[in-house]
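Peer 1: Just dropping this structure here.
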Amino acid sequence: MPLLKIIIADDEPDARKLILLYLKEAGISCQTFEANDGNATLDLLKKENADILFLDMKMPELSGMNVLQLRDKNSMPATIFTTAYDEYALKAFDADAVDYLLKPFDQKRFSKALKKAMGYIAYTELNIEKEKFKVLSIKNGSRTSVIGFQDIEYFLSEGPYVRVVTRTRNYLIQKPLYRFEEELPAHIFLRVHRSCIVNISHIGEVKSLLNGDYTISLKGGEEIRASRTYRENLRSALGRL
């Protein structure tokens with residue numbers, strides 16, 4: 001694995017020093033960048049293609065949650081929140097955090113979080129390579145269309161048909177949605193509603209609604225309603241990506 005880029009964002013110098021010490025003790029080969037407020041963190045995220053982000057929840061200028069809301073959603077490092085406040089844990093995982101370190105934390109707890117981040121990196125790199133070779137074949141009479149999985153944004157049930165939606169074209173297929181769910185790889189596609197399966201890599205933003213449902217904004221601009229029935233599946237999938 002190439003040299004990792006790690007951002008440590010915390011307004012307390014001692015907190016940053018502790019993470020640097022734990023990284024050294026873990027024997028991680030990395031290049032580290034430090035930020036003492038939200039704006040500086042956001043600037044580093046824009047400039048550096050970071051692999052891991054240690055992010056304090058409460059910082060001057062912008063909070064940790066503000067940073068995640070404003071960052072480029074097409075490039076997201078494995079994010080580990082480090083904070084003294086446990087009431088933000090749910091929001092952290094809603095924001096795709098891989099772990100939540102409650103201060104004060106020791107080397108053992110830090111190592112567990114770091115292991116999750118490394119797993120996140122390995123998983124995403126592996127699946128980026130695999131996705132290049134995965135395709136869906138769609139027969140229409142005597143013609144067969146071959147679509148790369150990476151090009152499919154979502155599947156939408158329409159009565160006895162399913163609409164396969166890409167950024168450039170739609171395909172209407174007479175086949176139930178549950179059959180697609182059985183056949184599609186679960187690490188790429190996720191059931192978010194009884195009538196919809198979405199490509200995880202096309203998710204740009206997820207917003208919680210008051211009734212427990214979610215609105216998913218795709219990177220291509222479309223919005224999809226996600227049911228609270230599939231809430232835990234959605235959280236789990238976003239937590240690993």
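Peer 1: Of these, Glu205, Glu183, which one is out of contact with any strand residue (DSSP E or B) (no Cβ under 8 Å at 6 or more places or on another chain) and open to solvent by 20 Å² or more (accessible area, probe 1.4 Å)?
Peer 2: On the way: Glu205 fails: out of contact with any strand residue (DSSP E or B) (no Cβ under 8 Å at 6 or more places or on another chain).
Within the list Glu205, Glu183, the selection yields Glu183.
Peer 1: From the list Leu136, Leu156, pick out the single residue that is crowded, with 16+ Cβ neighbours inside 10 Å, part of a strand (DSSP E or B) and at pLDDT below 90.
Peer 2: On the way: Leu156 fails: at pLDDT below 90.
Exactly one of Leu136, Leu156 is crowded, with 16+ Cβ neighbours inside 10 Å, part of a strand (DSSP E or B) and at pLDDT below 90, namely Leu136.
Peer 1: Next question. Can you pull out every residue in region 16-28 that is in contact with a strand residue (DSSP E or B) (Cβ under 7 Å, 6 or more places away or on another chain) and surrounded by fewer than 19 Cβ atoms within 10 Å (Cβ to Cβ)?
Peer 2: Step one: filter region 16-28 for residues in contact with a strand residue (DSSP E or B) (Cβ under 7 Å, 6 or more places away or on another chain), giving 16, 19-20, 23, 28.
Leu20, Ile28 - these are the residues of region 16-28 that are in contact with a strand residue (DSSP E or B) (Cβ under 7 Å, 6 or more places away or on another chain) and surrounded by fewer than 19 Cβ atoms within 10 Å (Cβ to Cβ).
Peer 1: Further question on the same structure: For region 191-237, name all the residues that are of a type in the set (A, V, I, L, M, F, W, C) and touching a Phe, Trp or Tyr at 6+ places or on another chain (Cβ under 8 Å).
Peer 2: Initial filter on region 191-237 (of a type in the set (A, V, I, L, M, F, W, C)): 192, 196-198, 200, 203, 206, 209-210, 216, 218, 224, 226, 234, 237.
Matches in region 191-237: Val192, Cys196, Ile197, Val198, Ile200, Val206, Leu218, Ile224, Ala226, Leu234.
Peer 1: Checking the structure you have, find out if any residue of region 96-103 is outside any strand (DSSP E or B), open to solvent by 40 Å² or more (accessible area, probe 1.4 Å) and at pLDDT 90 or above. Before the answer, list the steps.
Peer 2: Of the residues in region 96-103, the ones outside any strand (DSSP E or B) are 96-98, 103.
Now drop any that are not open to solvent by 40 Å² or more (accessible area, probe 1.4 Å), which leaves 103.
From what is left, the residues that are at pLDDT 90 or above are 103.
Within region 96-103, one or more residues are outside any strand (DSSP E or B), open to solvent by 40 Å² or more (accessible area, probe 1.4 Å) and at pLDDT 90 or above.
Matching residues to (1) touching an Asp or Glu at 6+ places or on another chain (Cβ under 6 Å); (2) in contact (Cβ under 8 Å) with a residue 24 or more places away in the chain; (3) among the aliphatic types (A, V, I, L, M); (4) not in a strand (DSSP E or B):
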{"position": "Glu181", "(1), (2), (3), (4)": "no, no, no, yes"}
{"position": "His187", "(1), (2), (3), (4)": "no, yes, no, yes"}
{"position": "Val192", "(1), (2), (3), (4)": "no, yes, yes, no"}
{"position": "Ser201", "(1), (2), (3), (4)": "no, yes, no, yes"}
{"position": "Gly212", "(1), (2), (3), (4)": "no, no, no, yes"}
{"position": "Gly221", "(1), (2), (3), (4)": "no, no, no, yes"}
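Peer 1: Same structure again: Cβ contacts < 6 Å: first residue within 18 Å of Arg191 (Cβ to Cβ), restricted to region 145-167; second residue open to solvent by 40 Å² or more (accessible area, probe 1.4 Å) and of a type in the set (S, T, N, Q), any location; separation 6+ or different chain. Result?
Peer 2: Tyr161/Gln174; Arg163/Asn170
Peer 1: Being of a type in the set (D, E, K, R) and modelled with pLDDT of 80 or more narrows it down to one residue among Arg163, Arg143, Arg235; which is it? Even if it seems obvious, please write down each step before you answer.
Peer 2: Details: Arg143 fails: modelled with pLDDT of 80 or more; Arg235 fails: modelled with pLDDT of 80 or more.
So the residue among Arg163, Arg143, Arg235 that is of a type in the set (D, E, K, R) and modelled with pLDDT of 80 or more is Arg163.
Peer 1: Also, I was wondering about something else. Restricting to region 77-95, count the residues that are in contact (Cβ under 8 Å) with a residue 24 or more places away in the chain, open to solvent by 60 Å² or more (accessible area, probe 1.4 Å) and either among the basic types (Lys, Arg) or not in a loop (DSSP other than H, G, I, E, B) (or both).
Peer 2: 2
Peer 1: Would region 67-76 turn up any residue that is open to solvent by 50 Å² or more (accessible area, probe 1.4 Å), touching a residue at least 60 places away in the same chain (Cβ under 8 Å) and part of a helix (DSSP H, G or I)?
Peer 2: Checked region 67-76: no residue is open to solvent by 50 Å² or more (accessible area, probe 1.4 Å), touching a residue at least 60 places away in the same chain (Cβ under 8 Å) and part of a helix (DSSP H, G or I).
Peer 1: Continuing with this model, one more query. As an exercise: evaluate Asp51 against (1) touching a residue at least 60 places away in the same chain (Cβ under 8 Å); (2) within 23 Å of the chain's Cα centre (by Cα); (3) within 21 Å of Lys103 (Cβ to Cβ); (4) open to solvent by 20 Å² or more (accessible area, probe 1.4 Å) and give the number of the one condition it does not meet.
Peer 2: Failed condition: (3).
Peer 1: Out of curiosity, is Lys219 open to solvent by 50 Å² or more (accessible area, probe 1.4 Å) and at pLDDT 90 or above?
Peer 2: Working: open to solvent by 50 Å² or more (accessible area, probe 1.4 Å): yes; at pLDDT 90 or above: yes.
Yes, satisfied.
The values are calculated or read from the model by the stated rules, or taken from the named source; none is laboratory data. Computed from a prediction, not measured in an experiment: that's the story for all the values here. Ideal geometry is used to build each Cβ from the backbone, glycine not excepted, and the neighbour counts take in all protein chains shown. Side chains included, ligands, DNA and RNA excluded: accessible areas come from the protein's heavy atoms. Shrake-Rupley method; radii C 1.70, N 1.55, O 1.52, S 1.80 Å.
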